[in-house]
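Okay, structure first, notes after.
The values are calculated or read from the model by the stated rules, or taken from the named source; none is laboratory data. What you see is a predicted model; the values in this text were computed from it and never measured. Neighbour counts run over all protein chains shown; Cβ positions are idealised from the backbone, glycine included. These area figures cover heavy atoms from the full protein model, side chains too; ligands, DNA and RNA do not enter into them. Shrake-Rupley method; radii C 1.70, N 1.55, O 1.52, S 1.80 Å.
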Amino acid sequence: MESVIDIRPFKIDDAEHVRDLFVRVNRLLAPPPMKLAFEDYIAASLREEIDQIDSYYGRKLGGFWVAVEGEKVVGMFGLEPSSIDAMELRRMYVEPDARRQGIARRMLGFAEDECRRRNRFRMDLSTSELQGDALLLYRNAGYQLVREEVAIAASNKTLGGGIRRFHFTKLL
C-alpha cells in the first residue's frame, strides 16, 4: 500500500523533527576532512535560522513547510523572497530512508505553486556539488544554471570551505 504524503505549513510541534532532519542530513553530506566545518555550519544555521523558523521566515515574508507521512516529518523546505518577482527555495531536505519516492519532486512542485500564488513568477535556488541527487532533480525539473561558484566564506546559506555551489532559476 502506497503511503500518503501531505505537505503543510510548519507548526511549532515540528521544530524538533525539522532540527533533527537538518542535522542528520548535513552530517551525512560532510566529507570526512570537512566534518568540523560542517559542525560549525550546522551550529550557525541552527542558531540563525532553523531554531527560529517562524521568526526567520516571517521577517523575510517567506514561509516554511513540512512533508509528513502520518505524523512523521519526512521532508522540509522554505521559501523567502529573492527579488520583487522571485522566491528562493531554501532548506529542502528529505528523510534519508524516504528518498526515491517522489517526495522532493512533490515539495518542489508545491514550492513552485506557492510562488505563483504569491505572484512571484520565478524561483531561484542553489545547491552544492555534494548533493548530486538535488542537482539532477533541479535540472530535470527545468531549472537553468545561472551561476557556479566556489564558496569560500560560510553563512547560513553555505558552508564555504571551497565547496562548489550551483545557482539555478526557473520562470514559472
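Net charge dipole, the chain: roughly 500 debye, given to the nearest 20, about the Cα centre with Cβ charges of +1 for Lys and Arg and -1 for Asp and Glu. The value given for region 30-72 is a Kirkwood hydrodynamic radius of 12.4 Å, derived from the mean inverse Cα-Cα separation.
With all protein chains present, how much of the accessible area of region 16-172 (probe radius 1.4 Å) comes from carbon and sulfur, to the nearest whole percent? Carbon and sulfur together cover 52 percent of it. Note on the chain: helix-only mean residue ellipticity at 222 nm, from DSSP H runs of 4+ residues weighted -39500 (n - 2.57) and normalised by residue number, equals -11000 deg cm²/dmol.
With a cut-off of 8 Å between alpha carbons and a minimum separation of six or more residues, what is the relative contact order of the chain in percent?
Reported relative contact order: 20 percent.
Taking amide H atoms as placed 1.01 Å from N in the peptide plane, the amide H of ILE163 lies under 5 Å from those of ALA151, each 5 or more residues away in sequence or on another chain.
When only the Cβ of Lys, Arg, Asp and Glu is charged (+1, +1, -1, -1), the dipole of region 110-149 relative to its Cα centre reaches about 320 debye.
Shown for the chain: lysine pairs separated by 8 or more places, or found on different chains, whose C-alpha atoms are under 25 Å apart, numbering 7.
Since only VAL25, ILE42, THR127 are under comparison, the one whose Cα sits farthest along the positive direction of the charge dipole of the chain, derived from C-beta charges on Lys, Arg, Asp and Glu, is THR127.
In the context of the full set of protein chains, residues of the chain present 53 Å² of accessible surface per residue (probe radius 1.4 Å, heavy atoms only).
Taking packing as the residue-averaged number of other Cβ atoms within 10 angstrom, the listed peptides 86-98, 123-135 run from highest to lowest as 86-98, 123-135. If you take all other residues with their beta carbon under 15 Å from the beta carbon of SER83, and give Lys and Arg +1 and Asp and Glu -1, the sum is +3. Packing here is the average count of other Cβ atoms within 10 Å per residue, and on that basis the peptides 101-109, 40-48, highest first, run 101-109, 40-48. Distance between the C-alpha centres of region 7-35 and region 58-135: 14 Å, rounded to the whole angstrom.
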